[in-house]
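Chemist: Shown below is the structure under consideration.
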Amino acid sequence: MDTVLLRTLTQKSFMKFGKYHDLKVGEVLKADHQRYLRWVYFNSSMISFVDEILDIIGIDKKYRINKPGKFPEIDRIINEEKSKKMNFYSKKHFEKIKRIRKQCSDIKFNIVESKSTSKERLRIINHGHK
């Protein structure tokens with residue numbers, strides 16, 4: 001017998017999954033991560049939000065989907081609409097942040113690569129640690 005475990009989250013609900021697993025939905029909203037919550041809504045078939053939160057994160061009634069179910073293409077459409085409405089300075093700001101994050105990830109990758117062949121790293125691996 002299959003049971004549907006549909007979770008409808010409110011602002012006081014803990015996420016209990018994803019990169020914000022230890023935060024409440026309201027805390028994620030205060031941190032200004034509406035885009036992540038939209039992604040969760042459209043890509044998770046068993047996660048939904050109350051109408052109040054759907055309005056806050058920018059999902060109009062025409063884009064709401066019946067749960068359980070998912071429709072990731074709508075998330076892409078909404079993000080494109082939001083980026084068209086952004087002003088020039090906001091777009092430049094996000095491009096700058098994206099470029100800085102890419103540089104940081106490249107630096108971290110180079111550090112990991114240089115450590116992966118060091119004697120210390122090989123000793124750690126030989127002792128059964130990762």
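Just so you know, all these numbers are worked out from the coordinates, no wet-lab data involved. Nothing here was measured: the structure is a model prediction, and the numbers come from that model. Because the Cβ atoms are built from the backbone with ideal geometry, glycine has one as well, and the counts that use them run over all protein chains shown.
Chemist: Which residue fluctuates the most in the chain, going by a Gaussian network model with Cα springs under 10 Å, if the choices are 87, 79, 43?
Modeler: Comparing 87, 79, 43 in a Gaussian network model of the chain, the most mobile one is 87.
Chemist: Follow-up question, since we're still on this one. In a Gaussian network model over the chain where Cα atoms closer than 10 Å are linked, find which of 19, 108, 92 has the largest mean-square fluctuation.
Modeler: Per the Cα network of the chain with a 10 Å cutoff, 108 tops the list.
Chemist: Under the 0.36 nm per residue contour assumption, what length would be gained going from the current alpha-carbon distance of residue 120 and residue 100 to full extension?
Modeler: Extending this stretch completely gives an extra 4.2 nm.
Chemist: Related question: Cut-off 10 angstrom, C-alpha nodes, Gaussian network model of the chain. Which of 84, 62, 70 fluctuates the most?
Modeler: Result for the chain, Cα springs under 10 Å: 62 fluctuates most.
Chemist: Also, quick follow-up: So what's the gap between the Cα centers of segment 14-62 and segment 70-94, to the nearest angstrom?
Modeler: 16 Å
Chemist: Over segment 1-85, what per residue volume does the convex hull of the Cα atoms give, in whole Å³?
Modeler: So the per-residue Cα hull volume is 100 Å³.
Chemist: While we're here: If I take R0 = 41 Å and measure r between the Cβ atoms of residue 84 and residue 5 in this structure, what FRET efficiency does the formula 1/(1 + (r/R0)^6) give, to the nearest 0.05?
Modeler: Working: r = 37 Å, r/R0 = 0.89.
Here the calculated transfer efficiency is 0.65.
Chemist: Exceeding 21 Å between C-alpha atoms, which entries from my cross-link table qualify? They are 19/102; 16/67; 30/82; 82/108.
Modeler: Pairs exceeding 21 Å: 82/108.
Chemist: Arrange the following residues from fewest to most other Cβ atoms within 10 Å of their Cβ: 23, 37.
Modeler: Exposure proxy ranking, most exposed first: 23, 37.
Chemist: Most exposed first by the Cβ proxy, i.e. fewest other Cβ within 10 Å, how do 73, 27 rank?
Modeler: Ordered from fewest to most neighbouring Cβ atoms within 10 Å, 73, 27 come out as 73, 27.
Chemist: Still on this model: Any chance you could run the full-extension gain for residue 110 through residue 65? It's 0.36 nm times the residue separation minus the Cα-Cα distance, nm to one decimal.
Modeler: Full extension of this stretch gives 11.9 nm more.
Chemist: Positive end of the charge dipole of the chain (Lys, Arg +1 and Asp, Glu -1 on Cβ, about the Cα centre): tell me which of 20, 100, 110 has its Cα farthest that way.
Modeler: 110
Chemist: What size of dipole, in debye to the nearest 20, comes out for segment 61-114 about its Cα centre when the only charges are +1 on Lys and Arg C-beta atoms and -1 on Asp and Glu C-beta atoms?
Modeler: It works out to roughly 380 debye.
Chemist: Let me ask another. Suppose every Lys and Arg Cβ carries +1 and every Asp and Glu Cβ carries -1, with no other charges. What dipole size does the chain come out with about its Cα centre, to the nearest 20 debye?
Modeler: Values: 30 positive and 16 negative charges, 116 e Å.
In debye, rounded to 20, the chain gives about 560.
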